[in-house]
Amino acid sequence: MSRLALGTMTWGRDTDEDDAAAQLIAFHEAGGTLVDTADVYAGGESERVLGRLLAEVVDRDEVLVATKAYGVTGPGPMGRGTSRGHLLSALDASLRRLQLDHVDLWQLHAWDPVTPWEEAMAALDTAVASGKVRYAGVSNYSGWQLATTATHQRCWPGRAPLVSDQVEYSLLQRGVEREVVPAAAELGIGLLPWSPLGRGVLTGKYRNGSPADSRGASAHFSGFVEAYLEDAAASVVDSVLTAADGLGVSPVAVALAWVRDRPGVVAPIVGARTAAQLQASLAAEQVELPPEIRSALDDVSAPAIGYPERTSRWTSDDLED
């Protein structure tokens, strides 16, 4: 059974349906089960492609389908956010595009600073109670946002518990370790890392510039990748490449194995533009990092964590004055 999840953000835009079918087949044959999409990916086309493939290529009953709602899908204030009206309408629209009567995991794509969070949670309750959603999760929630909403859902019988938080997590982005990871561990919530390859930078392909066929060279993803091309990331990438060379595996395998085995991680979400790229990620399932290499990667990529997140060094004497 694969511990990776398949991301579909490029489907219907950078990845055509034939290549998407090849990806889904390879993922399924490798034992993968969780496929993640969102209502805003490729303007909804990602969900449409996935829906057609689940009807024609891979048995829907052998796949767990996860999608998200929050982003802009229509004009005006009702066409976005986590209001009850938008969320429930967005869920129905997702189910139509997916050609399904339910999704296995429905996630709030981001925290909505405008809508009361209690309203968003009530919409999750309604969706689960209706049978259209099996499990509820969130995405890109901070530690306090996750703790607040998850505790609210647990404190009254009948509410839909939050089971996951999908967050960016990689050797180049470990900020979630400050508060999200501890909050998730305390609440029994699984982490689904997105962009576990550091937006592609951990593959090493950007060491000498952006290849013409890469996301870094594309109009809609160049800014997304550029954030991790600074000097601070270079030493981490070099360490990954050194580890890969020493183990005789790919940098992709090293980066994925590292995040896959972090505390609280359920399944890193790998999004590939081509089936060949996906095969490289699936090969990571056979890789186990030796403790000394894991420790070296931990050290070179360690985020700054101090007060108040790390208080174990404090004693009662420190707090007397």
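The values are calculated or read from the model by the stated rules, or taken from the named source; none is laboratory data. Predicted model only: the values in this text are computed from it and were never measured. Cβ coordinates were reconstructed from backbone atoms using ideal geometry, including for glycine residues, and neighbour counts include every protein chain displayed.
Conditions (1) within 20 Å of the chain's Cα centre (by Cα); (2) closer than 26 Å to Ala272 by Cβ, marked per residue:
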site	(1), (2)
Arg80	no, no
Leu91	yes, no
Leu98	yes, yes
Trp106	yes, yes
Glu119	no, no
Val138	yes, yes
Legend entry - Number of the exception - Asp14 against (1) under 28 Å from Leu87 (Cβ atoms); (2) surrounded by fewer than 19 Cβ atoms within 10 Å (Cβ to Cβ); (3) free of Cβ contacts under 8 Å to residues at least 60 places away in the same chain: (3)
Inset, instruction - Name the residue, out of Pro308, Pro291, Pro263, Pro268, that is surrounded by 21 or more Cβ atoms within 10 Å (Cβ to Cβ) and not acidic (Asp, Glu). - result: Pro268
Inset, instruction - Give Ser94, Ser164, Ser139, Ser130 a once-over and let me know the one that is surrounded by 19 or more Cβ atoms within 10 Å (Cβ to Cβ), at pLDDT 95 or above and over 26 Å from Leu197 (Cα atoms). - result: Ser94
